[in-house]
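Undergrad: Handing you a structure now.
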Amino acid sequence: MADGAEDIVSRRTRGLDRAFEILEFLRTKRQPMRPNEIAVEIGAPRSSVYELINLLLRHGMLDYQGGDGRVFLGRKLYFLGTAYADQFDLMRESEDLLSRLAEETRETAQMCLLEGNKYTVAMMREGVRAFRISSNIGELVPIPWTASGRLLVAHLTDAEIVDFIPADDFIVPSGKRLDPARFIAEVRQATIDGYFTFNSEVETFTHCFAVPVHQADGQCVATLCLVTPKEDGLRNRQAYLDSLLAAAHELSEQLGYSTGRKRAER
């Protein structure tokens, strides 16, 4: 009897893992897909994928979209997300700060996080200038491609950073390979400086600014960022950094972290 009960629990656990895998796959794919396509992409048995998709459909976690039996993330997830946002101070407090940053600087302001071993934009407010720069919220991007990446992995040791980031993610969009040792050196220097700025590896005409948001124990749990046209970013570097550092200090204090706020050196 005990072995039978353990087997049931094990099967249910595997089913939950597979269901979450389906939801995460659709989130990253960002388009409706047929169940058989999902099964092929995630390398799972079609029978179990069909069974789990029907279960997720019944519970509103998936909805039919686009015809031909294609499914996508369901409306129930939206309501779960709003409940999460209501209780997660970082998301709620970031919203007002991003609006303030976008108004102060006229540039695109973002709050960014780690999602697994990737970087993602969690929230964004576009600037009011005629020429606007934006990113896809929730899109997964290799950590070394981003200014925020130098801050979000700062709590890891050198060896842990190399193990954490997939080797192919050190190949930047230009096709060149970023030396992991150089990346780690930039991580350590960004920790000392309290910010990181560079010309974007993804969009060649932009300059990116990132500053850390710390939780109570001092770990960087998010970044506040500005994405600007290259010339404007370099010309207004000091003002932009001061605005970001002030906002990040305010947000970090709300999360229980307290330290003196430094002003970026010219």
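Undergrad: Leaving out ligands, DNA and RNA, and with a 1.4 Å probe, what % of the accessible surface on the chain is carbon or sulfur?
TA: Numbers: 7430 of 14460 Å².
About 51 percent, which is the carbon plus sulfur part of the accessible surface.
Undergrad: If you compute semi-axes √(5λ) of the Cα gyration tensor in Å for the structure shown, which of (i) 41, 24, 14; (ii) 37, 21, 20; (iii) 34, 20, 16 do you land on?
TA: (ii)
Undergrad: How much mean residue ellipticity at 222 nm does the chain get from its helices, if each DSSP H run of length 4 or more adds -39500 (n - 2.57) and you divide by all residues, to the nearest 500 deg cm²/dmol?
TA: On the way: 10 runs with 128 residues, N = 266.
Roughly -15000 deg cm²/dmol at 222 nm, from the helical runs in the chain.
Undergrad: Also: What per residue convex hull volume, in Å³, comes out for segment 47-128 when only alpha-carbon positions are used?
TA: On the way: hull volume 11.6 nm³, N = 82.
Hull volume over Cα atoms, normalised by residue count, gives 142 Å³.
Undergrad: Over the chain, give the accessible area per residue in Å² for a 1.4 Å probe, as an integer. Walk me through the numbers on the way to the answer.
TA: On the way: 14460 Å² over 266 residues.
Per residue, the chain has an accessible area of 54 Å².
Undergrad: Considering the chain as a Gaussian network with a 10 Å cut-off on Cα pairs, which listed residue, Ser148, Ser200, Ser47, attains the greatest mean-square fluctuation?
TA: Ser47
Undergrad: Continuing with the same structure: Which of Val221, Val213, Val172 moves the most in a Gaussian network model of the chain with Cα springs under 10 Å?
TA: Val172
Undergrad: Using a Gaussian network model of the chain whose springs link C-alpha atoms within less than 10 Å, name the residue from Arg27, Arg11, Arg92 with the highest mean-square fluctuation.
TA: Per the Cα network of the chain with a 10 Å cutoff, Arg11 tops the list.
Undergrad: Among 53-63, 175-185, 227-237, how do they line up by average Cβ neighbours within 10 Å per residue, starting with the highest? Write down the numbers at each step before the final one.
TA: On the way: 53-63: 16.3, 175-185: 12.8, 227-237: 17.8.
Output ranking for 53-63, 175-185, 227-237: 227-237, 53-63, 175-185.
Undergrad: Still on this model: Which number gives the lysine pairs in the chain that have C-alpha atoms under 23 Å apart and are eight or more places apart or on different chains? Don't skip to the answer; put the middle values down first.
TA: Working: Lys29/Lys76; Lys29/Lys118; Lys118/Lys176; Lys176/Lys230.
Lysine pairs, 8 or more places apart or on different chains, close enough: 4.
The values are calculated or read from the model by the stated rules, or taken from the named source; none is laboratory data. Every value quoted in this text rests on a predicted model; they were computed, and no experiment measured them. For neighbour counting, all protein chains shown are included, and Cβ atoms are generated from backbone atoms with ideal geometry for every residue, glycine included. Note: accessible area is taken over every heavy atom of the protein model, side chains too, but ligands, DNA and RNA are not part of it. Shrake-Rupley method; radii C 1.70, N 1.55, O 1.52, S 1.80 Å.
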